[in-house]
Structures are given as C-alpha cells and as structure tokens.
2 protein chains.
Amino acid sequence: MLGPRRGWQALRRCVSLPRAQREVRLRVREALGAREPAGEVKVQGWVRSVRSQKEVLFLHINDGSSLENLQVVADPSLENRDLTFGSAVEVQGKLVKSPHRMQNMELKAETIRVVGPCDTLAFPLKTKERHPLEYVRQFPHLRCRNNTLGSLLRIRSEATAAIHSFFQDNGYVHIHTPIITSNDCEGAGELFQIETSNEAREPAEKTHFFDVPAFLTVSGQLHLEVMAGAFTHVFTFGPTFRAENSQSRRHLAEFYMVEAELSFTESLEDIMQVMEDLFKTVTSTVFSKCPRDVELFHKYIAPAQKDRLEKTLKNKFVIISYNEAVEILKQASQTFTFKPEWGCDLQTEHEKYLVKHCGEVPVFVINYPYDLKPFYMRDNEDGPQHTVAAVDLLVPGIGELCGGSLREERLPFLRSRLQRLGLTDAYQWYLDLRKFGSVPHGGFGMGFERYLQYILGVENIKDVIPFPRFSHSCLL
Amino acid sequence: MLGPRRGWQALRRCVSLPRAQREVRLRVREALGAREPAGEVKVQGWVRSVRSQKEVLFLHINDGSSLENLQVVADPSLENRDLTFGSAVEVQGKLVKSPHRMQNMELKAETIRVVGPCDTLAFPLKTKERHPLEYVRQFPHLRCRNNTLGSLLRIRSEATAAIHSFFQDNGYVHIHTPIITSNDCEGAGELFQIETSNEAREPAEKTHFFDVPAFLTVSGQLHLEVMAGAFTHVFTFGPTFRAENSQSRRHLAEFYMVEAELSFTESLEDIMQVMEDLFKTVTSTVFSKCPRDVELFHKYIAPAQKDRLEKTLKNKFVIISYNEAVEILKQASQTFTFKPEWGCDLQTEHEKYLVKHCGEVPVFVINYPYDLKPFYMRDNEDGPQHTVAAVDLLVPGIGELCGGSLREERLPFLRSRLQRLGLTDAYQWYLDLRKFGSVPHGGFGMGFERYLQYILGVENIKDVIPFPRFSHSCLL
C-alpha cells in the first residue's frame, strides 16, 4: 500500500529545494526603506519608465507596495526590446545608497529578466502621462496600474483595516449581516430582486428559490438590532445595494456601509460620539499610515482638502436641530429651488448651504419630522412639530455621510406604528425583539465610498471603488 | 440670523450634562476581570437566572461581552415581578471580591431597574436549559441570546479580525471584489440572477438595469487577478453565492470566502504555504483570544476536536498528488459508491478516506486532471495523464476547506483554451491581463463557515453563520 508519508516527504523535498537556494526577495517598499546596503536581492514588479543613456540604463519599477518607484541602474548591455513601460520584470542585483537626492536606495542590476512583455501600442496607459480619472475609468481591468488608483486602493485597504480595528478596540462584536434578505429595511422600494438563473427550468416549477421573494440588502440595521439584543455593541461592514436609476457622482448600485448598533443608549449624543470618534480615528490612522498616497490626492486632486481636514480633526463637529436648520434656511439670502419648509426633506442645495453656513465643517442635524422618517425611529413625543430622534451627518462637498437614530424600543409605540402601515405581520419578529428584554438602543451607518470621497476630495464616487456598478454598467 | 454656534453650544451643554454625572459603566467582561473592588458602578445586560432566597437575591446577568455571567447579589426587597429570565436590567452598586470560588468579582446591588421585561411564557428560550442547536435555529432573531450561539458569534468576530490582520501584517492589499458581476467565474451555472423589483415597469422597458444580465458572484478570483497585475499581494473577504438546491450540512446559498492572490509565484508550494500559515495563525489567535468560548465547543459539542487541532497546529500539513490519491483509493480495502478512477472528481467518500488514511489531518491534494478543472488553471504540460497546477485542502469532518491553483499566465495557452470553449469574446479583458505585463501568479479561496465548522467541530453549517440562507429558507 502506498503510504501518504512517502508521497508527502518526496514532494516536500522536491518543492522545498529551490526555496532554500532563492535570493532575498524584497518588495519595492522594503527596498526603498532599507537603511543599509544589501547583498544579492531580487525585486519584482512592473516597469514604470525606461531611460537609456549611453553609459547607463535607468529603470523605475513598481510592485504596488508603495507609490514610489525603485530606481534600477544597469549596464546598457542589459537592455532588450521587451524591456518597456508596462512589462513585468525580475531584477537581481545589489541594493546600494543612491547618489541622488530623490531616493534613498537604488538597485544596481546584475540581471534583468522580462517575465511578461507589454504590448505598449495597445496598452491604454502611457508612460509618464497623467491620465485623467475619467479616462482610466474605461479600463476597469487595467486602471489599478495607474498611480492615482494605486494610491486609492492602498488607502481604501488601510481605511478598511482601521475601521475593523476601531470597533474591535472598543469591544464591538463584528456581525456578517445577510446580503440576501426578505426584508426591505428602508421601505424605499428601490430593490434588486434575486432569482435563480436556471433557464432550463420548467415554467411550472418557477417558484422562488427561497420560497419567498428575496432581495439584496439595503442596510444591515434590522439584523444588527437582532444582535443588539444579545451584545451591547455590534457592527457590520459590507456591501449594500440600491436599484436607483441615477448617474450621480455620489450614488452607486453597489456600495459599502459601515453600520454600528449600541444597546442601553438613551441619547443621540452617544451615537454621535461614536460617529465622530470613528471618523476622526480612522482618518488619522489613514493619514499616518499612507502619507504619500494621501499627499497625491491633496496635492493634485483636491489641494484645499488637507488644511480643511486637519482643522476638522481638531474641532468638535457642529450639532444643530432640524428645526434650527429650517430657520437658518428660511433666513438665508440665497434663493433655493426647493423652498425650505418645516416637514420637508433637506435637499442637496439645503445641505450644502447648512454646511457652508457652519463654516465648511461636518454638521450633525438632529430630530427630524416624524412623518419623514421610517417606522423604526424613536418618537420624541414632542409637538406640535412632531419629531423622531434621528441624526444625519452632513459634510462639505458630499452632503449626507452618515445617518442614524435611536430606535423605537417601546412595544406599544412600535406596534401601533406598524399597524398603521399594515406591516405588523411582516415585522412580527421585529416586534418580538421588544417583547423579550427590549432595551433603548440606536445606531448609524456611514457610506464608505462617500467617506473616501470626502477625506481625499474625489469628485466622482466611481473612482473610489475597485469595480463600480451603476445603471447601464457592470463591467467585468 | 440664527447662528449655528448658538444652537450647537446650547445643545452640547444640554446633552453633555448627564454624561458628567453618570456613573462608571462597566461591561460584564470588565467587571469580571477587575482586579480591585470598585466604587459605584453600573452594569447593564440581560438576566440569565434569578435565584431568590430568604435573605438574598442572586441574579446572573450577561451583556454579550463574555460567555461568563456576572453574579449580582441583592437584598430580596429589590425583587420585582418583571425581574425574570430574559429581561433587560440596569444594576447599580459596588463591585466586590466574591466569596465564592466560581467567580472573581460580584456586584452588590443597590438598585436594580428592569429596562425591558420579558414575556417568559412566550419566549422560546428557557432559563438553564441547554437547547439543541436545531431547536434555536428556528428563532434566528433570538438565538444569539443562547450561550452556544453567543460564543460562536464572538469567535466568528475574532476570526474575522484575525484574518484581516494576517493579510495586513503580511503586506497584502485588501480589495472589495464586486458582489454583482457579469462573469461566471466557475462556469458552474448555479447562479443567482439580479433584476430590479420595480413591478410597475412597463414590459416594453423590461431591459436589464445594467444593460447586461447580472449575477451574484461565486468567487472574487478573476477580479483579484486584475489587482494582482498591480499589487503583488491582494486579498478579499466577502460573501459569495451558489444557487444550489442542496440541503447539505456543508452548503449555503450565501457564504463567506477568504481569497488571496499572489503575483510572481511559480510554485504551488508558495500558495500552500500561505494557506497553511493563514489557517495556523488565525486558529492560534482565536484560541488565545476566546479561550472560554472555544472551550464551550470543545467540551460540549466536539470533545475530540481540541487534541486533534493542537496536533494539527504543530505539524506540517500532508501533501499528496492527485495521482497518488487515486492510487491510494484504488488500493483501499473499502468499497466506494463511486469507483475511484483517474480523471474523475474526488467524491466526499474519497476525500473522507484520504484524510483518514493520512491520519485525520489536513491534506493538500495537488495536480488535478486538466479536463476536470476550469479554464484559468495553469497547464502542467505533463502527460499522458495531463494535469493542471491545482490544489485542494481536505480536512477531517469537512472535506474541501480550500481550493487554489496557479493561473495560466501564458497568453497562447489561455487563448487557445478560451477559443476551444468559445469564451474568447467574454474574456477579452482577462486575455488583456496576459498581454500587458503578465506574471506567473496563483491564489486560493477558503470557505469561512467551513473553517469555523472545522475548528469548532460544528456539524451543521447553518449554526456558524448569523443568518443562514439556503433553498426554501431566507428568514428575516
């Protein structure tokens, strides 16, 4: 009988050998950050520029580990016709102090191997060209090789990690709220519905896969509320969906939301405090972890953004009530397309004005009209201008970045509201949460792409997500 | 004109005041871990048991921060009829050393406030009962209040954080691969299709929202490959979907996958090394961060699992080739339902036998028949038994935990394979990746729920995800 050990040992030996003989592999970031010259190293990456002089050949290579390229210095004899912009190379040589001011280290090449050539004529990116974001957006499979998108994706990755850390450090339990759901949390109706794609199915069998109509989630809130009945602090960070037929620079059909829910919370202030802490902690972390990537945006994309954000990080966010907001708008000298009126939703033009009025800083607007908001928001029991304990966070250039509320934890209030809406049957389980150890609780959601747009000053939301999905477009 | 500052300051003052006067709030975990007795504290949570004696009232309360409950000791006069199992309470008092061996600290209550009573008769969970997992599965909105599910969700949260940290620490860039896609990566056809749910739409307008048919992703691999053309190390961790009409204990319609892609990789060993490191690092982290939660599973759910896993963490995983696997199966004394034959897929019974044969440890099976595997896997150019550089990781009790491969980076190989399949047009963008600086690369995916099943010894996959979705079921 063939023993597995024999096979295993033989294989382990044969695959292990080359590894031991292998040179030290360095990433570009490591090579650039090295303090000491190093012996034989190998660096792999894509060529960003080739400059051939009589006595020396200069290459810049990048492997995505940093915005900066590593300069390779080689003998002109190492040049070959495949060594072009966009090609993939392995360079072996010695890491030495660079005589140039611009970089710390450079690689003195001994061998250069072109691993994958690049058809430069057909390649839509060109060497040393600053391609506009609109241009590279046409090539979702290649635009990550562009400097700006490269920086964006590194920043997005760091921000993702910082969000997880923020909640983890504060004792929140992470919950994967479902993507497919039989609820419509917002009641907005702009839902994507799901069916199996098996076209061979007989019409007679055309029943739902889940027995009920199923949709892509618009928010994980209701599911987080389930969890907030067992854990006092929970969060989720995942994709959410809207079938909005909009081509706006602030909307996508698929986007990411950070959502948190806190139990034993009786004031909106607690919720706002978490929103503000989250924003400030994550932003500071990103700025300190990717200084060069962030600099690219603050230098070339949105030059005024840096100073504004630094001020924002130092100051308390402003808080105004919806009532005050309407008064401010009514007294504005500006004429609005939508006349500000108590009971009406704040329009983009109103949000813009309010943020400007408060000094181009983040502004919490709290306590919205009862009739404007969904059934789950907590009744403030005030009057005659009846409000709920809702909060929106408005930020310059974007508008609504976060939305939150206290939730109606009182069974009689919730039951009568659902009855009026004819939703009692659908939300029996949600009422159950109030029957069995209900607690005052609340939470919020933050649009992750809008967050990135705001801190980096990126005009179009399609440029802050790896693969944007919007009406008429689902590339790749 | 109403200044925003006025409103802001007034509000800030009024919402800040109660906070300053508020007592020190402690979570149960913090209270239990306190080294010193503490003055006035407040603990909030749900009652897990009430024991009323003549001279003293004992409560156990839990807030989800740990498996352990905090014991509250109170004067019987503090009892009231709403103070039952399942109710939500706020207890104010002094944290003192417990005279009992079982716990470190206990709370001497001064006041007990029932925040939310519990209709215990209707409540499907009962005090001090060990409900089977099948029973609590019927109540997806309440089962998180059960000890086992509570522990599971804390472990799941820690494992999620540990996976992010593992990749972050190793220089991987996190990518949100899209959920909605126009590709079918696996070509398996068991896809969910997406449409807008707007029923008012005119039939004439019944065009696709995205202009093309769109599906829920089955894998982020192809999108990660895009990114592997700019970053040498990328990963994603998100939901994936299969419209499989299966009621198996190992399958869900919506489940989570960890996927990684590495560039400049020419050997399967590199990929296997990452799979093994990921498994071992994350498991060690979870075991050390949630010892009590893990213990619950290893004590009550799968008593043999602990020793087996500790052995697994210390040893190298076994590697065998598909060819060897088939030989082992052919020589087995056992009779299989599916006769083992070169060129056929390994069935569950085969996987089980192989794992047992190797000593109930994780087993990598590598180099599968060319014709069994999808178009993107790298041709080993061997023969006459033609294989590709694929790898599956089989583990005891589960079967396939991970799957990976080197990808076909050579343009001519990939092009002719796609041509034979008639897929050249659909995958033009994928061919592009090989035209412009192609590099040898590979990657893998690990099923997150199966991972949790394996390390905790949980029989049914529906018990390791907060809201399971499978055919005929999409609750909440």
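Kindly provide the set of residues from the stretch A:222-233 that are of a type in the set (A, V, I, L, M, F, W, C), over 22 Å from residue A:374 (Cβ atoms) and either surrounded by fewer than 24 Cβ atoms within 10 Å (Cβ to Cβ) or out of contact with any helix residue (DSSP H, G or I) (no Cβ under 9 Å at 6 or more places or on another chain) (or both), ordered by number.
Applying the first criterion (of a type in the set (A, V, I, L, M, F, W, C)) to the stretch A:222-233 yields A:222, A:224, A:226-228, A:230-231.
Still in the running and over 22 Å from residue A:374 (Cβ atoms): A:230-231.
Hit for the stretch A:222-233 is A:230, nothing else.
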**OP:** Residue by residue through the stretch A:281-305, note down the ones that are surrounded by fewer than 17 Cβ atoms within 10 Å (Cβ to Cβ) and closer than 17 Å to residue A:395 by Cβ.
**Re:** A:284, A:304
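Can you spot a residue in the stretch B:36-58 that is hydroxyl-bearing (Ser, Thr, Tyr) and out of contact with any helix residue (DSSP H, G or I) (no Cβ under 6 Å at 6 or more places or on another chain)?
Checking the stretch B:36-58: at least one residue is hydroxyl-bearing (Ser, Thr, Tyr) and out of contact with any helix residue (DSSP H, G or I) (no Cβ under 6 Å at 6 or more places or on another chain).
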**OP:** Would you check which residues across the stretch A:234-258 are surrounded by fewer than 22 Cβ atoms within 10 Å (Cβ to Cβ) and of a type in the set (S, T, N, Q) and list them?
**Re:** A:245, A:246, A:247, A:248
Original post:
Can we say residue A:380 is among the polar types (S, T, N, Q), within 14 Å of chain B (Cβ to nearest Cβ) and touching a His at 6+ places or on another chain (Cβ under 8 Å)?
Top reply: yes
Original post:
Between residues in the stretch B:297-314 that are over 14 Å from residue B:155 (Cβ atoms) and residues that are of a type in the set (A, V, I, L, M, F, W, C) and surrounded by 11 or more Cβ atoms within 10 Å (Cβ to Cβ), which pairs lie under 7 Å by C-beta distance while being six or more apart or on different chains?
Top reply: B:312/B:361
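Pick out, from the stretch B:392-476, the helices (runs of 4 or more DSSP H) lying fully within it that include 3 or more residues that are more than 14 Å from chain A (Cβ to nearest Cβ) and within 17 Å of the chain's Cα centre (by Cα).
Details: elements: B:411-421, B:428-435, B:448-456.
In the stretch B:392-476, the matching helices (runs of 4 or more DSSP H) lie at B:448-456.
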**OP:** Output the residue which, of all residues in the stretch A:300-336 that are among the hydrophobic types (A, V, I, L, M, F, W, C) and touching a strand residue (DSSP E or B) at 6+ places or on another chain (Cβ under 7 Å), is nearest to residue A:349 (Cα to Cα).
**Re:** A:325
Original post:
Say we look at the stretch A:107-150 and pick out the residues that are surrounded by fewer than 18 Cβ atoms within 10 Å (Cβ to Cβ) and facing chain B (nearest Cβ under 8 Å); which of these is nearest to residue A:72 (Cα to Cα)?
Top reply: A:119
Original post:
Only one of these conditions is not met by residue B:27: (1) of a type in the set (Lys, Arg); (2) away from chain A (no Cβ under 14 Å); (3) touching a Gly at 6+ places or on another chain (Cβ under 9 Å). Which number is it?
Top reply: (2)
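Please enumerate the residues belonging to the stretch A:60-113 that are charged (D, E, K, R), closer than 24 Å to residue A:152 by Cβ and touching a Ser or Thr at 6+ places or on another chain (Cβ under 7 Å).
Filtering the stretch A:60-113 down to residues charged (D, E, K, R) leaves A:63, A:68, A:75, A:79, A:81-82, A:90, A:94, A:97, A:101, A:106, A:108, A:110, A:113.
Those still in the list that are closer than 24 Å to residue A:152 by Cβ too: A:63, A:68.
Residue satisfying the conditions is A:63 alone.
To keep it simple, each residue is scored yes or no on (1) modelled with pLDDT under 95; (2) polar (S, T, N, Q); (3) in contact with a strand residue (DSSP E or B) (Cβ under 9 Å, 6 or more places away or on another chain).
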position: B:417; (1), (2), (3): no, no, yes
position: B:426; (1), (2), (3): yes, no, no
position: B:431; (1), (2), (3): no, no, no
position: B:446; (1), (2), (3): no, no, yes
position: B:452; (1), (2), (3): no, no, no
position: B:459; (1), (2), (3): no, no, no
Original post:
Can you find even one residue in the stretch A:230-243 that is in contact (Cβ under 8 Å) with a residue 60 or more places away in the chain and more than 10 Å from chain B (Cβ to nearest Cβ)?
Top reply: no
Original post:
Any residue at all in the stretch B:151-168 that is buried (at least 20 other Cβ atoms within 10 Å of the Cβ), more than 8 Å from chain A (Cβ to nearest Cβ), closer than 22 Å to residue A:438 by Cα and modelled with pLDDT of 95 or more?
Top reply: yes
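When you look at residue B:376, is it in contact with a strand residue (DSSP E or B) (Cβ under 8 Å, 6 or more places away or on another chain), of a type outside the set (S, T, N, Q) and in contact (Cβ under 8 Å) with a residue 40 or more places away in the chain, yes or no?
Taking the combined requirement at face value, the residue satisfies it.
Are any of the residues in the stretch B:65-86 in contact (Cβ under 8 Å) with a residue 60 or more places away in the chain and within 14 Å of chain A (Cβ to nearest Cβ)?
Looking only at the stretch B:65-86, we keep the residues that are in contact (Cβ under 8 Å) with a residue 60 or more places away in the chain, and these are B:66-68.
Keeping just the survivors that are within 14 Å of chain A (Cβ to nearest Cβ) gives B:66-67.
Yes, the conditions are met somewhere in the stretch B:65-86.
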**OP:** Mind listing just one residue for me: the one in the stretch B:87-102 that is crowded, with 16+ Cβ neighbours inside 10 Å and more than 14 Å from chain A (Cβ to nearest Cβ) and, of those, nearest to residue A:266 (Cα to Cα)?
**Re:** B:93
Original post:
Could you list, in sequence order, the residues of the stretch B:368-391 that are surrounded by fewer than 21 Cβ atoms within 10 Å (Cβ to Cβ) and part of a strand (DSSP E or B)?
Top reply: B:369, B:379
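Can residue B:175 be described as touching an Asp or Glu at 6+ places or on another chain (Cβ under 7 Å), at pLDDT 95 or above and not charged (D, E, K, R)?
Numbers: touching an Asp or Glu at 6+ places or on another chain (Cβ under 7 Å): no; at pLDDT 95 or above: yes; not charged (D, E, K, R): yes.
Here the answer is no, as residue B:175 does not meet what is asked.
Output the residues belonging to the stretch A:311-355 that are more than 12 Å from every other protein chain (Cβ to nearest Cβ), part of a helix (DSSP H, G or I) and among the acidic types (Asp, Glu). Working first, answer last.
Filtering the stretch A:311-355 for residues more than 12 Å from every other protein chain (Cβ to nearest Cβ) gives A:311-314, A:334-352.
Next cut, part of a helix (DSSP H, G or I) only: A:311-314, A:348-352.
Residues satisfying the conditions are A:349, A:351.
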Subject >> Restricting the stretch B:392-433 to residues that are of a type in the set (D, E, K, R), without any contact (Cβ under 8 Å) to a residue 40 or more places away in the chain and surrounded by fewer than 21 Cβ atoms within 10 Å (Cβ to Cβ), the residue that is nearest to residue B:268 (Cα to Cα) >> reply: B:410
**OP:** Just give me the residues in the stretch B:153-172 being over 23 Å from residue A:26 (Cβ atoms) and either among the hydroxyl-bearing types (Ser, Thr, Tyr) or in contact with an Asp or Glu (Cβ under 6 Å, 6 or more places away or on another chain) (or both), in sequence order.
**Re:** B:154, B:155, B:157, B:160
Original post:
Just a yes or no: is a residue in the stretch B:272-291 basic (Lys, Arg), within 14 Å of chain A (Cβ to nearest Cβ) and under 18 Å from the mean Cα position of the chain (by Cα)?
Top reply: yes
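The values are calculated or read from the model by the stated rules, or taken from the named source; none is laboratory data. Source: prediction; values computed, not measured. A quick note on method: Cβ atoms are made from the backbone with ideal geometry, for glycine too, and the neighbour counts reach across all protein chains shown.
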